[in-house]
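The values are calculated or read from the model by the stated rules, or taken from the named source; none is laboratory data. Note that the structure is a prediction, hence the values are computed from the model and not measured. Note that each Cβ is placed from the backbone with ideal geometry, even for glycine, and that neighbours are counted across all protein chains shown.
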Amino acid sequence: MQFFIDNIILLAAAFLSGGLLLWPVVTRGSSAININTLGATQLLNNQDALLIDLREAKETARGMAPQAMHVPSDELAAQMEEIKKRINQGKEQAPVILMCQSGWRGMKAGRLLKKAGVAAVFNLEGGFDAWQQAGLPVTKRS
């Protein structure tokens, strides 16, 4: 017992580092998979993926991907049935690609979609910024 008392900080550090090592294993499958713009365009062209733009209306004033469905991240839960309708039109469920401004909101939205039963959820790394930098098509909202 004296060993534990004398080395409490060392033991706490060991438990904390062990927990940090196991965290990715515990959370695997609970969120979206990060992909780059090349992976996103391949999914859009070859698997009829649904691209969801999670940005707020004022952010989309700069432009949007032409094929994107605009669903602000705070409205995602309310739009879940419409999203499911769109991805369940073929024989197999279409993948979903999430796009925000820089990539962070997509991970949170990915967890929500996974919980709702969407099998293939991807987050565009770098978001709309990466989309523009890759020279991919952008349309202005009317």
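Restricting to the stretch 93-138, name every residue that is charged (D, E, K, R), assigned to a helix (DSSP H, G or I) and surrounded by fewer than 19 Cβ atoms within 10 Å (Cβ to Cβ).
Step one: of the stretch 93-138, the residues charged (D, E, K, R) are 105, 108, 111, 114-115, 125, 129.
From the residues that got through so far, the ones that are assigned to a helix (DSSP H, G or I) too are 105, 108, 111, 114-115, 129.
Scanning the stretch 93-138 gives Lys108, Arg111, Lys114, Lys115, Asp129.
Of all residues in the stretch 59-73, exactly one satisfies the criterion of being farther than 26 Å from Leu38 by Cβ and modelled with pLDDT under 95, namely Ala61. When residues in the stretch 21-39 are screened for being farther than 17 Å from Ala119 by Cβ and at pLDDT 95 or above, 3 of them pass. Scan the stretch 26-76 for residues that are part of a loop (DSSP other than H, G, I, E, B), exposed (fewer than 13 other Cβ atoms within 10 Å of the Cβ) and of a type in the set (A, V, I, L, M) and the total you get is 1.
Arg141 fulfils the conditions (1) assigned to a helix (DSSP H, G or I); (2) closer than 18 Å to Glu56 by Cβ; (3) of a type outside the set (Gly, Ala, Ser) except for a single criterion, (1). Within the stretch 83-112, the set of residues being modelled with pLDDT of 95 or more and under 12 Å from Ser31 (Cβ atoms) comprises just one member, Leu98.
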